[in-house]
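Trainee: Starting off with a structure, shown below.
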Amino acid sequence: MPISFRTFCETIQVIRGTRSTNTKIGLFAQLLQQIDEPWELKLAAQFAGEGAFDEISGKRASVGSRTSGLAAANFCEIDYDYVFKPCRTATGSSSEAIEKLMENISAAIKKRSPKELSLTDIQQIFEDLRAARNRSDKEIILQEAWKKMTPVEIKYFIRILGQGSLRIGFETRSVVASIAKAFSKNFEDVRYAHMITGSIGKTALLASQNRLNDAEFRLFHPLSFMLASPIESRMIEHPEYYLAEEKFDGMRAQVHVSGNSVQIFSRDLNDITRSFPEIIDFFRQRDMPPTVLDGEICVYKNDTILPFQLLQKRMGLKKPGKKILQEYPVLYIAYDLLYSGNEPVFDLTLIKRSELLKKIAAKYNLAVASQYEISGEEDINYLFEQALKHGNEGLMLKRKNSKYEYGQRRKSWLKVKKPGGSFDAVIMYAHAGSGKRGGTYSDFTLGISVKNDERYEEEFIPIGKAYCGYTDDELKKLNDRISELAVERYGPTLGLLPKLVVEIEFDDVQVNKRTKAGYTLRLPRFKAIRWDLGPNDINTLKDVEKYYQNKLQQERLPQDQNPSFSFH
């Protein structure tokens with residue numbers, strides 16, 4: 001039987017309040033088992049795991065938080081700036097604020113007469129929003145839809161529109177596990193079908209119809225990337241089982257090519273083709289057979305890989321101008337092969353994939369990462385220092401007999417990196433965790449000092465968020481102290497007196513014009529809780545800016561000296 005959107009949302013709400021991952025998986029599996037209409041089954045999996053549209057469809061409803069916020073303010077007959085925005089700040093979430101307003105504002109209650117909308121009805125509303133040309137039209141569609149929904153439906157309707165996580169501690173991997181459980185399938189078989197099809201909804205259909213073997217690879221939809229596990233020590237067991245590559249200071253990207261057709265996908269599976277026209281031209285000129293490459297986009301000039309910060313100036317540009325193309329030229333360096341000879345090759349070993357990649361590279365003059373045999377820590381240390389001289393981030397150690405473990409972070413690929421640096425920062429906000437961390441504050445917004453900075457009126461501004469690097473005992477001690485320092489509550493978020501100082505380790509500093517600081521930290525994590533320091537001891541924004549400028553000016557060894565890649 002079909003299920004209503006209300007039932008779907010109420011199940012999602014129960015999952016949100018459940019701590020056990022296995023219980024969450026079981027609850028969603030039960031929901032899937034209730035659906036016997038194929039299209040509705042596809043939508044249920046899609047809404048939970050991908051959003052309003054399949055990732056591979058390229059469709060977006062383009063409804064931002066301001067659009068939904070303005071629509072909600074008008075619907076509730078409240079002022080957007082003086083009522084809605086403070087409510088959003090208080091809850092820490094736009095969708096959460098809208099749910100609360102719909103529950104409590106009399107004007108909103110009177111306008112709503114909830115109906116039993118189907119998932120298909122909701123999908124049609126998403127399509128209408130996608131087709132709407134301007135914000136006012138989108139607001140009208142939203143308000144008409146909300147008249148037929150309960151507050152919890154409205155909340156998850158908005159989150160599904162966001163094309164990503166529903167923020168309930170139930171990510172895509174758990175949706176895949178639910179599909180496997182619902183239809184008594186092997187988890188790896190379901191995961192493989194998802195990777196091949198690129199659609200969690202289609203995967204659910206195939207599983208329900210005992211047709212997982214019918215999943216077919218298609219060019220020009222992104223595949224989940226294989227991930228690496230970080231290691232602290234350069235001492236590894238059986239180093240002779242691994243090959244070493246330099247870890248490039250660039251952006252991971254997947255290239256799909258067939259003749260004149262070329263597409264590039266980022267690590268988060270977004271199509272970034274238009275941002276890098278020179279890479280497209282390069283591959284079009286080669287008229288290659290159907291091929292999928294995994295590799296890195298780097299700014300490359302005068303035989304030197306330049307800092308990632310310069311690549312940021314290219315990222316997000318749909319049509320970079322001539323000046324940008326000249327100042328920040330890019331190069332694609334391949335280091336793995338996923339599809340060749342009209343069939344996927346992820347089940348081949350790394351050695352065999354590398355041999356195939358080198359043959360293709362030799363024929364079409366592609367840049368390919370250099371691979372090095374290693375026998376012990378001395379080799380690793382030498383190659384690591386060489387990578388740093390090139391301006392690269394460190395080393396990748398890849399097991400020779402490993403398959404391409406798409407979407408997995410296991411021990412087949414190891415990354416050896418030198419931390420970018422560390423700052424002392426103050427904890428400004430503590431955010432409640434979910435899942436196993438439910439009941440504790442485990443995510444933290446970190447601030448740096450601007451108290452003596454004439455550009456700012458406040459004393460501290462955010463520089464990033466961290467949610468790892470501490471022990472269970474340290475987290476407990478932090479939570480005890482947080483309860484003493486809390487001065488404001490915004491739903492699941494606490495505002496704190498600036499008393500807790502932590503040393504934050506990070507990979508890099510990135511420009512981010514959407515933040516007050518203008519910068520954010522890349523992969524920040526706790527290095528130490530500095531119980532001995534106070535807010536007067538923390539780093540300043542000027543320290544961040546100095547670090548960023550020093551990185552840009554760092555000398556880098558050209559690639560003509562012990563190159564980290566070569567043209568075959």
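The values are calculated or read from the model by the stated rules, or taken from the named source; none is laboratory data. Just so it is clear, the model here is predicted, and its values are computed rather than measured. Cβ atoms come from the backbone with ideal geometry, glycine included; neighbour counts cover every protein chain shown.
Let's see how each residue does on (1) crowded, with 17+ Cβ neighbours inside 10 Å; (2) in the same structural domain as ILE98 (by TED's automatic domain parsing); (3) of a type in the set (S, T, N, Q):
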site: TYR467; (1), (2), (3): no, no, no
site: ASP473; (1), (2), (3): no, no, no
site: LYS476; (1), (2), (3): no, no, no
site: SER483; (1), (2), (3): no, no, yes
site: ALA486; (1), (2), (3): no, no, no
site: TYR490; (1), (2), (3): yes, no, no
site: THR493; (1), (2), (3): yes, no, yes
site: LEU496; (1), (2), (3): yes, no, no
site: VAL502; (1), (2), (3): yes, no, no
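Trainee: Could you tell me which residue of segment 86-107 is nearest to the chain's Cα centre (by Cα), considering only residues that are surrounded by fewer than 16 Cβ atoms within 10 Å (Cβ to Cβ) and not polar (S, T, N, Q)?
Mentor: Here the residue is PRO86.
Trainee: For segment 537-568, how many residues are farther than 17 Å from ALA466 by Cβ, touching a residue at least 40 places away in the same chain (Cβ under 8 Å) and of a type in the set (S, T, N, Q)?
Mentor: Number of matching residues: 6.
Trainee: A further question on this structure: Name the residues in segment 308-344 that are in contact (Cβ under 8 Å) with a residue 60 or more places away in the chain, out of contact with any strand residue (DSSP E or B) (no Cβ under 6 Å at 6 or more places or on another chain) and closer than 21 Å to ILE196 by Cα, would you?
Mentor: Within segment 308-344, GLU343, PRO344 qualify.
Trainee: For segment 184-231, name all the residues that are hydrophobic (A, V, I, L, M, F, W, C), out of contact with any helix residue (DSSP H, G or I) (no Cβ under 7 Å at 6 or more places or on another chain) and on the phi < 0 side of the Ramachandran plot.
Mentor: MET195, ILE196, LEU219, PHE225, MET226, LEU227, ALA228, ILE231
Trainee: Can I ask one more? For segment 465-517, list the strands (runs of 3 or more DSSP E) that sit wholly inside it and hold at least 1 residues that are charged (D, E, K, R); which are they?
Mentor: 486-490, 501-506, 508-511
Trainee: Inside segment 518-532, can you point out the residues that are part of a loop (DSSP other than H, G, I, E, B) and either in contact with an Asp or Glu (Cβ under 6 Å, 6 or more places away or on another chain) or free of Cβ contacts under 8 Å to residues at least 60 places away in the same chain (or both)?
Mentor: GLY518, LEU523, ARG530, TRP531, ASP532
Trainee: So in segment 20-56, with the set limited to residues that are farther than 28 Å from SER266 by Cβ and not in a helix (DSSP H, G or I), which one is nearest to the chain's Cα centre (by Cα)?
Mentor: Result: SER20.
Trainee: Right, something else. Any residue at all in segment 49-59 that is out of contact with any strand residue (DSSP E or B) (no Cβ under 7 Å at 6 or more places or on another chain), among the basic types (Lys, Arg), in the same structural domain as SER136 (by TED's automatic domain parsing) and in contact (Cβ under 8 Å) with a residue 60 or more places away in the chain?
Mentor: For segment 49-59, residues out of contact with any strand residue (DSSP E or B) (no Cβ under 7 Å at 6 or more places or on another chain), among the basic types (Lys, Arg), in the same structural domain as SER136 (by TED's automatic domain parsing) and in contact (Cβ under 8 Å) with a residue 60 or more places away in the chain: present.
Trainee: Given the criteria touching a residue at least 40 places away in the same chain (Cβ under 8 Å), out of contact with any strand residue (DSSP E or B) (no Cβ under 6 Å at 6 or more places or on another chain) and among the aliphatic types (A, V, I, L, M), does VAL176 qualify?
Mentor: In short, yes.
Trainee: Please verify whether segment 133-147 includes one or more residues that are buried (at least 17 other Cβ atoms within 10 Å of the Cβ), assigned to a loop (DSSP other than H, G, I, E, B) and not assigned by TED's automatic domain parsing to the domain that holds ALA430.
Mentor: no
Trainee: Being of a type in the set (Gly, Ala, Ser) and without any contact (Cβ under 8 Å) to a residue 60 or more places away in the chain is the filter here, so list the residues in segment 210-235 that pass it.
Mentor: Passing the criteria: ALA215, SER233.
Trainee: Can you find a residue in segment 111-121 that is in contact with a Phe, Trp or Tyr (Cβ under 7 Å, 6 or more places away or on another chain), closer than 23 Å to PHE28 by Cβ and aliphatic (A, V, I, L, M)?
Mentor: Within segment 111-121, one or more residues are in contact with a Phe, Trp or Tyr (Cβ under 7 Å, 6 or more places away or on another chain), closer than 23 Å to PHE28 by Cβ and aliphatic (A, V, I, L, M).
Trainee: Could we say that SER224 is of a type outside the set (D, E, K, R) and modelled with pLDDT under 95 here?
Mentor: Criteria met by SER224.
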